[in-house]
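Asks: Next up is a structure, given as structure tokens.
The values are calculated or read from the model by the stated rules, or taken from the named source; none is laboratory data. Here the structure is a predicted model, which means the values were calculated and not measured. Here the Cβ is made from the backbone with ideal geometry for all residues, glycine too, and neighbour counts use every protein chain on show. Protein only, heavy atoms only, side chains kept; ligands, DNA and RNA dropped before computing areas. Shrake-Rupley method; radii C 1.70, N 1.55, O 1.52, S 1.80 Å.
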Amino acid sequence: MAEAFQEVLGLDAVGLDDDFFELGGHSLLATRLVAILRDRTGAAPALRTVFEQATVAALAETLELGAGNANPLQPVERPDVIPLSFAQRRLWFLNRFDPGSGAYNIPVVLALKGSLDVAAVRGAITQVAGRHESLRTLFPLLDGEPVQQILAERPVELLAVQCTADGLAGALAAETRRGFDVTRELPLRAVLFQLAPDHHVLAITLHHIAADGWSLAPLAQDLSLAYNALAAGADTPLVPLPVQYADYTLWQRDELGSEDDPASAISRQLEFWNRELRGAPEELRLPFDFSRGAQGAAEPASSLHLTIRPETSARLNALAREHNASLFMVLQAALAALLTKSGAGEDIPLGTPVAGRTDTQLNELVGFFVNTLVLRTNTSGNPTAAELVESVRYTNLHAYANQDAPFERVVEELNPARSQHRHPLFQVMLTLQNTAVAGLAMDGLEATADLSQEPGGAKFDLLLDLAEDDAGEGIRGSLAYNPALFTRATAEQLVAASWPWRSSSPRIPESLWTGSGSSPRSSTGSRWSRAFGPETPHRARRRPKPSSTPSGPRWHAPRTRWRSSTPPGGSRRQLRPAPRPGPGPRQGTAGRRSGARRPGGRGPAAHGRRRRCRTGRAGRARGLHPGGPFLPGGADPDHPRGRRSRRPHLRRTGMQRPRPRGSADAGRRHTAGSRCRHFRRRPGTAPPGRR
């Protein structure tokens, strides 16, 4: 067990009482740990056990040695018709729906400076495709079902183009966003742009049906080895792989079993996801700027870069260790809280990818192994950060234990309402990149990889993509958003509102949010960036409760005679002026009782014949309407006793008590800005709340 810890974590020595996560482990490395133990001992703990028994000694006690692996992954005799893997099937149907879309392209851009051997580059790409069958596979339709058609090794076409530095960006975008027809085209394209005799840019575009993010590291390694050998005139060092993707496809179906068998793995896991996701919202109520489907969906996703500083990253990791969780779980809790704050509700389904490489023989293989999990987060009850992380941890561990169920089958089982304008089951994805870095080492060249090229088309409404920096510089990433739904300003507000990556946040707040959610475009709600700020003792003590009035503001109107209606994030001791109601002949009962003005300056009973409202109910009722003003009958109950009488309050607001009937100005029309027809301002005083 200690040797497995050392290999996975890259350490020289590990003690018996060392904790896997305190040494730098996370959920992806825990999956690799389980795969290594299964490969070497024939037995492996469940992924949930790794989180619960994280030390070397405790985890070793859970192993049941001698059981052996009943279904090892190995090359098998292939049938005449090789089916697609479960993950490939959904991408195949999406490709058939829109073959010209580049939404599922994986662009890899390599900047090569120095003396380049173009023939060696072409030969290296051909050898890489020859080593990995998935890169020379077509996916035609046969008897109504898509199948894998593996082609024999043949040279890969390399298109050479002369280009200027100014036109490079446009040329790269046009090439990497161009779609594939996977039934007739290989899922691999290569174009070499020549900017100067000693400066080239190699654009390799892969389709997701043949590769995933993990595949980039073995792809870069094989490309470097093959190029160096061909450029030097030596034999290629690439050796055949122990298994190919087609072998994995057949093994996966045997491993999961038949759905007709209730005891099979696929039946048990589909039953879990049916229980877990039943009743989840099919679409999150995000603060869209455009209606779904109104704008063109072919545009690539736009993104905003963000950085979590090292000190903040250290506190997030400390919070994860304190609750025996992973950094991803803490970030998931924060993102769910942010979406709740933005009005998405308290049931937040988030998507996340899992590597799917449950056997060590798959680590060096280029192919599509990623599966997608839907992690459902419940944010109801205004939980603290600790409570929400504990809830996320419980949900995620059960989800990881059922991660083999293909996402495509989960969608078919739940059968949500389908739409070409939204992703099924979830629309927001969170990723924390922990895959190996794609390193290049090409002799005689300064080679750098640029993986930031955007694919064509947006797959999700929002994609928060983060990665830990090995150099200790915190966490870097981006928030990609669908420009058919959001403007850049709204995306910037989302980034600014999130407490984990706010550089101004001095500490992790005990509560992830204060008050109830408000839209970023709400005229009366506080800004997201203020609402997500560190919680002060005053705000923690007087947190407003969510409103149950659908037509009113998102906080309760005052329940007592003296309490003011204060928006979340505002000070309770400050009277904020509310906007005037819009023009209209009638404002409803509450509007008439509170003195809402009609067009032309005349409010109902403006000549002073109605009796004064003694209890303040009219004002409270008017406060339930959006934008409705409210004038409390007195000061805040927390104020000193001397400030709670009517007369000192009237002096502070510039109002006078009503004159007796029959006085000289009893029937005088009130000036504009008066909050109640029974009061008039002293000359030279400001309206209430605007002093």
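Asks: Restricting the first residue to segment 257-268 and requiring it to be at pLDDT 90 or above, which pairs with a second residue that is open to solvent by less than 20 Å² (accessible area, probe 1.4 Å) and not in a helix (DSSP H, G or I) meet a Cβ separation below 8 Å and a spacing of at least six or different chains?
Replies: Going by the 8 Å Cβ cut-off, the qualifying pairs are I266/A405.
Asks: Restricting attention to segment 332-354, which residues are within 20 Å of N371 (Cα to Cα), of a type in the set (A, V, I, L, M) and buried (at least 21 other Cβ atoms within 10 Å of the Cβ)?
Replies: Correct list: I348, L350.
Asks: Only one of these conditions is not met by E311: (1) outside any loop (DSSP other than H, G, I, E, B); (2) open to solvent by less than 30 Å² (accessible area, probe 1.4 Å). Which number is it?
Replies: (2)
Asks: Considering (1) closer than 19 Å to L256 by Cα; (2) open to solvent by 50 Å² or more (accessible area, probe 1.4 Å); (3) acidic (D, E), say which one E364 fails and leave the rest.
Replies: (1)
Asks: Scan L256, L304 and give me the residue that is open to solvent by less than 30 Å² (accessible area, probe 1.4 Å), in contact with a helix residue (DSSP H, G or I) (Cβ under 6 Å, 6 or more places away or on another chain) and over 28 Å from Q493 (Cα atoms).
Replies: Step by step, each of L256, L304 is checked, and only L256 is open to solvent by less than 30 Å² (accessible area, probe 1.4 Å), in contact with a helix residue (DSSP H, G or I) (Cβ under 6 Å, 6 or more places away or on another chain) and over 28 Å from Q493 (Cα atoms).
Asks: Let me ask something additional. Right, V366: at pLDDT 85 or above, under 30 Å from F486 (Cβ atoms) and in contact with a helix residue (DSSP H, G or I) (Cβ under 6 Å, 6 or more places away or on another chain) or not?
Replies: Answer is no for this residue.
Residue by residue, here is whether (1) under 19 Å from Q148 (Cα atoms); (2) open to solvent by less than 60 Å² (accessible area, probe 1.4 Å); (3) small (G, A, S) holds:
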{"residue": "V76", "(1), (2), (3)": "yes, no, no"}
{"residue": "L84", "(1), (2), (3)": "yes, yes, no"}
{"residue": "A87", "(1), (2), (3)": "yes, yes, yes"}
{"residue": "F97", "(1), (2), (3)": "yes, no, no"}
{"residue": "S101", "(1), (2), (3)": "no, yes, yes"}
{"residue": "P107", "(1), (2), (3)": "no, yes, no"}
{"residue": "A111", "(1), (2), (3)": "no, yes, yes"}
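Asks: Separate question: Only one of (1) in contact with a strand residue (DSSP E or B) (Cβ under 6 Å, 6 or more places away or on another chain); (2) outside any loop (DSSP other than H, G, I, E, B) is not met by R275, so which one is it?
Replies: Just one mismatch for R275, condition (1).
Asks: Among the residues of segment 18-30, is any touching an Asp or Glu at 6+ places or on another chain (Cβ under 6 Å) and touching a residue at least 24 places away in the same chain (Cβ under 8 Å)?
Replies: Checked against the condition, which is being touching an Asp or Glu at 6+ places or on another chain (Cβ under 6 Å) and touching a residue at least 24 places away in the same chain (Cβ under 8 Å), segment 18-30 yields no hits at all.
Asks: Looking at segment 408-421, which of its residues are open to solvent by less than 60 Å² (accessible area, probe 1.4 Å) and either touching a Phe, Trp or Tyr at 6+ places or on another chain (Cβ under 8 Å) or modelled with pLDDT under 90 (or both)?
Replies: Result: E408, R409, V410, L414, P416, A417, S419.
Asks: Quick one: in segment 405-424, which of the residues that are touching a helix residue (DSSP H, G or I) at 6+ places or on another chain (Cβ under 6 Å) and in a loop (DSSP other than H, G, I, E, B) is nearest to N482 (Cα to Cα)?
Replies: Filtering first and then ranking leaves P424.
Asks: Something else now. Among (1) closer than 20 Å to S215 by Cα; (2) in a strand (DSSP E or B), where does A87 come up short?
Replies: It is condition (2) that A87 fails.
Asks: Does R285 satisfy being within 30 Å of N415 (Cβ to Cβ), open to solvent by 60 Å² or more (accessible area, probe 1.4 Å) and modelled with pLDDT of 90 or more?
Replies: Criteria not met by R285.
Asks: All but one of (1) of a type outside the set (K, R); (2) part of a helix (DSSP H, G or I); (3) open to solvent by 20 Å² or more (accessible area, probe 1.4 Å); (4) within 12 Å of F426 (Cβ to Cβ) hold for T372; state the number of the condition that does not hold.
Replies: Going through the list (1) of a type outside the set (K, R); (2) part of a helix (DSSP H, G or I); (3) open to solvent by 20 Å² or more (accessible area, probe 1.4 Å); (4) within 12 Å of F426 (Cβ to Cβ), T372 breaks only (2).
Asks: For segment 327-339, check the following and say yes or no: at least one residue is among the small types (G, A, S) and at pLDDT below 85.
Replies: No - not one qualifying residue is present in segment 327-339.
Asks: For E133, work out the one condition from (1) more than 36 Å from the chain's Cα centre (by Cα); (2) within 18 Å of A226 (Cα to Cα); (3) open to solvent by 10 Å² or more (accessible area, probe 1.4 Å) it doesn't fulfil.
Replies: (1)
Asks: I would also like to ask the following. Based on this model, can you work out whether V201 counts as open to solvent by less than 30 Å² (accessible area, probe 1.4 Å), within 30 Å of P242 (Cα to Cα), touching a residue at least 40 places away in the same chain (Cβ under 8 Å) and in contact with a strand residue (DSSP E or B) (Cβ under 9 Å, 6 or more places away or on another chain)?
Replies: no
Asks: On to the next question. Against the condition modelled with pLDDT of 95 or more, surrounded by fewer than 19 Cβ atoms within 10 Å (Cβ to Cβ), out of contact with any Cys (no Cβ under 8 Å at 6 or more places or on another chain) and not polar (S, T, N, Q), how does L159 come out, does it pass?
Replies: No; evaluated as a whole, the condition is false for this residue.
Asks: I need a count of the residues in segment 240-272 that are more than 19 Å from D359 (Cα to Cα) and part of a loop (DSSP other than H, G, I, E, B).
Replies: 7
Asks: Here's a follow-up. Which of the residues spanning segment 166-194 are under 21 Å from L94 (Cβ atoms), among the hydrophobic types (A, V, I, L, M, F, W, C) and more than 31 Å from the chain's Cα centre (by Cα)?
Replies: Hit for segment 166-194 is L186, nothing else.
Asks: What number of residues within segment 269-281 satisfy the criterion of being touching a residue at least 60 places away in the same chain (Cβ under 8 Å) and over 15 Å from N378 (Cα atoms)?
Replies: Qualifying residue count, segment 269-281: 5.
Asks: Any residue in segment 164-173 that is assigned to a loop (DSSP other than H, G, I, E, B), among the hydroxyl-bearing types (S, T, Y), out of contact with any Asp or Glu (no Cβ under 7 Å at 6 or more places or on another chain) and open to solvent by less than 50 Å² (accessible area, probe 1.4 Å)?
Replies: Scanning segment 164-173 turns up no residue that is assigned to a loop (DSSP other than H, G, I, E, B), among the hydroxyl-bearing types (S, T, Y), out of contact with any Asp or Glu (no Cβ under 7 Å at 6 or more places or on another chain) and open to solvent by less than 50 Å² (accessible area, probe 1.4 Å).
Asks: Go through (1) touching a strand residue (DSSP E or B) at 6+ places or on another chain (Cβ under 7 Å); (2) surrounded by fewer than 21 Cβ atoms within 10 Å (Cβ to Cβ) for F290 and report which single condition fails.
Replies: That leaves (1) as the condition not met.
Asks: Here is a check on your reading of the model: is A4 without any contact (Cβ under 8 Å) to a residue 12 or more places away in the chain, open to solvent by less than 40 Å² (accessible area, probe 1.4 Å) and aliphatic (A, V, I, L, M)?
Replies: no
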